[in-house]
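A short write-up of the structure that comes next.
The values are calculated or read from the model by the stated rules, or taken from the named source; none is laboratory data. For clarity, every value in this text was computed on a predicted model and none was experimentally measured. Reconstructed Cβ throughout: ideal geometry from the backbone, glycine too, with neighbour counts over all protein chains shown. SASA here: full protein model, heavy atoms, side chains in, ligands and nucleic acids out. Shrake-Rupley method; radii C 1.70, N 1.55, O 1.52, S 1.80 Å.
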Amino acid sequence: MNALTTPTSPTPTTSGPPQRSRLLLRDVLRLGTTGLRTRPTRAVLSALGIAIGIAAMIAVVGTSSSSQARLNEQLSQLGTNLLTATAGTSFTGEQTSLPPDALGKVTLIEGVESASSTAILPESVYRSPLSDAAATGGITTMVADHDLLNVTSTEVRSGTWLNDATAGLPTVVLGDTAAARLGVVTPGTQVWLGGQYFTVIGILEPSALTPELDTAALVGAGVADELFGYDGSPTTIYERSADDAVEAVRSLLAPTISPQAPDEVDVSRPSDALAAQSAANDAYTGLLLGLGSIALLVGGIGVANTMIISVLERRREIGLRRALGATRHHILVQFLAEALLLSALGGIFGSLLGAAATGVMGLINSWPFALPPAAIAVAVGATLLIGAIAGLYPAVRAARTPPTAALNS
């Protein structure tokens, strides 16, 4: 008996919409670097335009931040609680003077921790009696109190400061600039002051809060009284107070020194001048950032030009890839990735170059290195944005090129 065989039914197949092909990240990177690897000189020159703009911006931000860090460091060391009171002008425009007891009155103000004063003498100082009388070098002769350096946070670079023993003798302490203009390098040198020789016993460091001391020749009150008839009236009073009492003391200084005419006393805060200088530097920084942005824009135009030329030169490559199954999306991604990689290359190199420039400027000016990490992140992000914008049109143009037209070109 023949066996009956049961025919097997075929396995049912399911059909669905075709899956869209997609490029993996490694494929995108490989395709994006194709144009860069085959034309390295052009890629380097295009990236250099981006790098110059980014380097300029990073260097400007880094230099400004380093300068600001140095200023903050100075202010933390010197303090912002120093006030100065100087004689102003009267209602008729005449120069006034502070009373001899002004310093004593200031020390009685509540909140004042220390005070000192200087007085300008109408005497000139020269290197020798043979020097030209008109060549004063802008050096001012001043009478100084013994505690002046403590109040103004000024230090002696070499030699010693005035004391009870030297203040009555023909001795002088020179500011940093005054010593340089007189050609005095070490203490012990003699200078011609007020018609006789004075011995230099000290040279000061530059004074950040009181730059008028840099161009001063400072003598004691005793010798000033004996030789030049000093009457004890100060020209400038320096005062230190607690940080929380600065504004209160500031409002009381003028009425205390001159109750009859407080408007004739000028009160200032030296640290405000440093802050104003910082504000001016910030405005200058904004100008330089604008110039760096223009350079970055020019670099972006260079990237766009490079990508357009690359599309024109690689039309056959585009046609061949389309004929082998690449979609418009694949071509778009390829050329857009190439533009982004080109911009990223310029951005990274420019960031490194800008950071190096910041370090060199800090080294030259003795500034701390203070480059905000956010600046580098923003710079690289800006390059990628510019690269995307610059490469978008060439990428769209490449994607829209018909395969037959590309192969026949």
Decide, for the range 335-409, between rounded, prolate and oblate: order the square roots of the alpha carbon gyration tensor eigenvalues as a ≥ b ≥ c, take rounded if a/c falls under 1.5, and otherwise choose prolate if a/b is larger than b/c, else oblate. prolate
Inter-site label distance for Gln95 and Thr327 at 7 Å from Cα along Cβ, in nm: 8.6
Taking square-rooted eigenvalues a ≥ b ≥ c of the alpha carbon gyration tensor, is the range 290-374 rounded, prolate or oblate, where a/c under 1.5 means rounded and, failing that, a/b exceeding b/c means prolate? prolate
Computed lengthening from Ala180 to Asp244, 0.36 nm per intervening residue step minus Cα-Cα distance: 19.2 nm
Does a label point 7 Å from the Cα of Val44, set along Cα-to-beta-carbon, have any residues of the range 345-359 with amide nitrogen under 17 Å, and which are they? 345-350, 353
Taking 0.36 nm per intervening residue step and subtracting the Cα-Cα distance, what contour gain separates Gln260 from Thr199 on full extension? 17.8 nm
Taking amide H positions as placed 1.01 Å from N in the peptide plane, with prolines and chain starts having none, which residues 5 or more places from Ser114, or on another chain, fall under 5 Å of its amide H? Arg240
Leu108 label point, 7 Å along Cα→Cβ, cut-off 12 Å on backbone N: hits in the range 219-259? 256-259
Please label the shape of the range 102-190 as rounded, prolate or oblate, based on the square roots a ≥ b ≥ c of the eigenvalues of the alpha-carbon gyration tensor (a/c under 1.5 means rounded; beyond that, a/b larger than b/c means prolate, else oblate). prolate
Segments 246-253, 138-145 sorted - mean Cβ within 10 Å per residue, highest first: 138-145, 246-253
Exposure ranking of Ser343, Ser366, Ser114 by accessible area [1.4 Å probe, largest first]: Ser366, Ser114, Ser343
What list of ³J(HN,Hα) couplings, whole Hz, do you get for the range 345-356 from phi and the Karplus terms 6.51, -1.76, 1.60, once you set θ to phi - 60° and write x for glycine and proline? 4, x, x, 5, 5, x, 5, 5, 5, x, 5, 5
Estimated inter-spin distance, Asp231 and Arg315, nm [label 7 Å along Cα→Cβ]: 9.5
Under a 5 Å amide H to amide H cut-off, with H placed in plane at 1.01 Å, what residues pair with Arg127 once short-range neighbours are removed? Trp192
Arg157 versus Ala374, label points 7 Å from Cα toward the beta carbon: distance in nm? 3.9
For the range 191-258, the charge dipole (Cβ of Lys, Arg +1; Cβ of Asp, Glu -1; about the Cα centre) points to a positive end, and the Cα of Ala248, Gln196, Ser207 closest to that extreme belongs to Gln196
Add +1 for every Lys or Arg and -1 for every Asp or Glu among the other residues with Cβ under 14 Å from the Cβ of Tyr238, and state the total. -3
